[in-house]
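The values are calculated or read from the model by the stated rules, or taken from the named source; none is laboratory data. Not measured: the values here are computed from a predicted model. Counting neighbours? That spans all protein chains shown, and the Cβs are built from the backbone with ideal geometry, glycine included. Surface areas here come from the heavy atoms of the whole protein model, side chains and all, with no ligands, DNA or RNA. Shrake-Rupley method; radii C 1.70, N 1.55, O 1.52, S 1.80 Å.
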Amino acid sequence: MTAAASPIEPREPKYYLVKRHLLEIIETLEPGAPVPTERELTVELATSRTTVRQALSELVGEGRLIRRQGSGTFVAEPKIVWPFQMTSFTEQAAANGFVASAKLLAAERIRASGEIATRLNLRSSAFAYRIERLRLADDIPMAVETSHLSVAAFPGLIKHLRQTSSLYRVLADVYDVVPVSAEESIETAAASPREAALLGTDTGAPMLILSRHSFEIDGTPVEWVRSWYRGDRYRFVAHLSTA
Ligand code: GLP
């Protein structure tokens, strides 16, 4: 005879009750509306300030609430829906009604080794570009992208990127190269102080890291890139189909 499985009833932490209460409030409000203050919630729910703070922080991290220094906590705007597609940041932004731009944070030639050499199919110690750009949509910082490309394949690339914000445009117009396929993965990480400062969020805030390894039609690798997006601002959508 087997013992009856006991249903697992997870004990709900106290802050989670506060969070659920806040979620109910959020459902009734418009983006931009203020939510009750820490002090009001502490009194209303007869709980500690630490508990309330934890619930608020989680909702901020999830992009449901937004904190404005000195003025309070408000219902956040809906997330930006970004498609998982073989298009450029510039094209993705345009499809969402934004004008894309880029700020070149770093551009250097490095000796390829390890993963970079393998991804770009370069001999160890051949030159690769390391290009770090802050991507903006309507002048709002959206992502930090660190790209690696072969120097031999794209001579003079940095000079062109100082003039044009779209890498894919430069690749097509100057080098006649179009990345047509890619493997893209997504994972989470906490924002470092640097990314947090660049993207206007808090150190430790949840981030989404997209890694894209793109190829030309004949399978030649084009770019190996890691893009850090704010986890509270984005929802990535992929369209799946059997056809
Ligand atoms: C996306 C991709 C990057 C690519 C970039 C090019 O953001 N994840 O891998 O480098 O597009 O965009 P743009 O042509 O706007 O520079």
For the range 23-71, listing GluC sites (Glu not before Pro) in a DSSP loop whose Cβ sees at most 16 other Cβ atoms within 10 Å gives GLU62
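Measure off, as a whole percent, the carbon and sulfur share of the 1.4 Å-probe accessible area of the range 105-220, all protein chains present. Don't skip to the end; give the middle numbers.
Details: 2920 of 5790 Å².
Carbon plus sulfur share of accessible area: 50 percent.
How many Å² of accessible area per residue for the range 149-190, probe 1.4 Å? Let's see the in-between values first.
Numbers: 2360 Å² over 42 residues.
Computed with neighbouring chains in place, this is 56 Å² per residue.
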Over all Cα pairs of the range 92-162, the Kirkwood radius sets Rh, and Rg/Rh then becomes 1.07
Rounded to whole angstrom, the alpha-carbon centroid of the range 196-243 lies from that of the range 167-191 at a distance of 10
Ranked by GNM mean-square fluctuation in the chain (Cα springs under 10 Å), the top entry among LEU17, LEU120, LEU65 is LEU17
